[in-house]
Amino acid sequence: MAKSNSIHGNAVVGQSGGPTCVINQSLVGVIEQFTASARGKLFGMRHGVAGLSKEDLVDLTRVPKTRLAGIAQTPSAALGSSRDKPDVDYCQRLFEVCRKRDIRYFFYIGGNDSADTARIVNEVAASNNYPLHVFHIPKTIDNDLRVNDHTPGYGSAAKWVASAFIGDDMDNRSLPGVKINVVMGRNAGFLTAASVLARVARNSGPHLVYVPEVDFSEAQFVADVQATVDRIGRCVVAVSEGVHRAGECALAGELDKNAPIDAHGNKLLSGGALGDHLVRLVKGAIHAGRVRSDTFGYLQRCFPGVVSKTDAAEARKAAQTAVKLALRGEPSGSVAIIRTGNRPYKVAFERTELANVARKTKHLDLKYVNKAGNNILDSFKDYVAPLAGELPKIELLV
């Protein structure tokens, strides 16, 4: 689409995929930036494209600033979310509403599946000669969007994971045994890797970390746990929900054949089957006192009180950038966060093609994984620490 500096019309904004602690920062960023432009009205889609298809919209043009400030600080998706994946017929219903409401701007906040939704809407709009500026705004705690150094939502979730492991490690010090925590991460191990921020004292856990980028061996896992218990008398483990045997699908999915599948073809992995399986393996082979597991599940997405200041600021800025790009007539696309410095930490916000992020997965760089494939190196802290921010402090007597 050619650039134009005088495009007038209304806009819609929606939230898609799993909610986060800062997705509403992005929503408020869109609201503030677009309404300040006086180009038209801004409508919120209730539950993403599902709301637009039903003309279930809320006028966001005159929401009081005090209310917006509260919404920005609130976890979860204020408009409601969706995992719908539109096809051509679905898009036709969207365009019927867009024509009726004179909608010329479409902002969609979400991860790679949401970027794919934005791509589909953009392509069908073009094939129908419907003038629509489509911009995807990044969001995912999985941190797996390509082009991006990191994504809004990840920093706060990483802070929660690290804080949870700090507390769990202290519990494990008090009553030694084996504790296994299953962390979100279907195809990418960024969130599980963030657990290394919990290594704040001597022999702090997690002592073993397993991510989907490395094949998982159950026999080697048991041997790793045994070696750790022999060395320090206890073991705290972080394991991604997406770990898999060599050449196979996620072990959690294999263990739970009846797990539901969403519209994008993703099998639900956040049940407790993987943790229970690993506990049985350890109990059957090792005498190590207590052996327990927890599946963090959805807790890491919207837990209040753990928001990273960096995460919140970047979520707002990414959305503001998307609106600015759209209003000055830049071609439809996605906003990418590019790290430009580490000391001090700096980022830039750039436009990238929707096809660069849609349905594609960025994986954890193997340079952060030890040679044995059972741990994350402390060098990963340099990457994740600026994103998570300040963590709880502890002191030890023994």
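The values are calculated or read from the model by the stated rules, or taken from the named source; none is laboratory data. All of these numbers come straight from a predicted model, not from anything done at the bench. Cβ atoms come from the backbone with ideal geometry, glycine included; neighbour counts cover every protein chain shown.
In this entry, ARG316 passes the filter for residues that are in contact with a Gly (Cβ under 9 Å, 6 or more places away or on another chain), surrounded by 21 or more Cβ atoms within 10 Å (Cβ to Cβ) and not hydrophobic (A, V, I, L, M, F, W, C). Quick check on SER334: is it small (Gly, Ala, Ser), over 29 Å from ASP149 (Cα atoms), assigned to a strand (DSSP E or B) and at pLDDT 95 or above? It is false that SER334 is small (Gly, Ala, Ser), over 29 Å from ASP149 (Cα atoms), assigned to a strand (DSSP E or B) and at pLDDT 95 or above. So is GLY70 under 30 Å from LYS309 (Cβ atoms), buried (at least 24 other Cβ atoms within 10 Å of the Cβ) and small (Gly, Ala, Ser) or not? So GLY70 does not fit the description; no. Screening the candidates LYS360, LYS309, LYS324, LYS346 for the property of being in contact with a strand residue (DSSP E or B) (Cβ under 8 Å, 6 or more places away or on another chain) and of a type in the set (Lys, Arg) yields one hit, LYS346.
When the test is whether a residue is crowded, with 22+ Cβ neighbours inside 10 Å and either in the same structural domain as ALA238 (by TED's automatic domain parsing) or not basic (Lys, Arg) (or both), VAL182 passes it.
Only a single criterion out of (1) surrounded by fewer than 16 Cβ atoms within 10 Å (Cβ to Cβ); (2) more than 30 Å from LYS362 (Cβ to Cβ) is not satisfied by ARG101, namely (1).
Filtering THR340, THR361 for residues that are polar (S, T, N, Q) and assigned to a strand (DSSP E or B) leaves a single hit, THR340. Annotation note: of GLY205, GLY233, GLY177, the sole residue that is under 30 Å from GLU314 (Cα atoms), in the same structural domain as SER293 (by TED's automatic domain parsing) and among the small types (Gly, Ala, Ser) is GLY205.
Looking for whichever is within 20 Å of ASP142 (Cα to Cα) and either without any contact (Cβ under 8 Å) to a residue 60 or more places away in the chain or surrounded by fewer than 21 Cβ atoms within 10 Å (Cβ to Cβ) (or both) here; the options are ASN342, ASN356, ASN370. Which one fits?
ASN356
Among the residues of this structure, LYS41 counts as one that is of a type in the set (Lys, Arg), over 21 Å from ASP116 (Cβ atoms) and touching a strand residue (DSSP E or B) at 6+ places or on another chain (Cβ under 9 Å). Filtered by the rule that a residue be touching a Gly at 6+ places or on another chain (Cβ under 7 Å), of a type in the set (S, T, N, Q) and either modelled with pLDDT of 95 or more or more than 19 Å from PRO19 (Cα to Cα) (or both), region 44-91 gives a lone residue, SER81. Output the residue which, of all residues in region 319-331 that are among the small types (Gly, Ala, Ser) and part of a helix (DSSP H, G or I), is surrounded by the fewest Cβ atoms within 10 Å (Cβ to Cβ). Residue satisfying both the conditions and the ranking: ALA326. Name the single residue that is nearest to SER76 (Cα to Cα) among those in region 110-134 being hydroxyl-bearing (Ser, Thr, Tyr) and either assigned to a helix (DSSP H, G or I) or touching a Ser or Thr at 6+ places or on another chain (Cβ under 7 Å) (or both). Here the residue is SER114. Where helices (runs of 4 or more DSSP H) fall wholly inside region 244-310, the ranges with 3 or more residues that are of a type outside the set (Gly, Ala, Ser) and modelled with pLDDT of 80 or more are 273-285, 299-302. A residue that is over 23 Å from PRO131 (Cα atoms), of a type in the set (S, T, N, Q) and touching a residue at least 40 places away in the same chain (Cβ under 8 Å) occurs nowhere in region 32-53. Is it the case that SER195 is closer than 18 Å to TRP160 by Cα, assigned to a helix (DSSP H, G or I) and of a type in the set (S, T, N, Q)? The answer is yes for SER195. Taken over region 369-388, the residue count meeting the criterion of being within 13 Å of GLU213 (Cα to Cα) and of a type in the set (A, V, I, L, M, F, W, C) is 3. Quick one: would you say THR35 is within 28 Å of SER156 (Cα to Cα), in contact with a Leu (Cβ under 8 Å, 6 or more places away or on another chain), surrounded by 19 or more Cβ atoms within 10 Å (Cβ to Cβ) and of a type in the set (S, T, N, Q)? Taking the combined requirement at face value, the residue satisfies it. Taken over region 213-237, residues that are in contact (Cβ under 8 Å) with a residue 40 or more places away in the chain and outside any helix (DSSP H, G or I) amount to 8.
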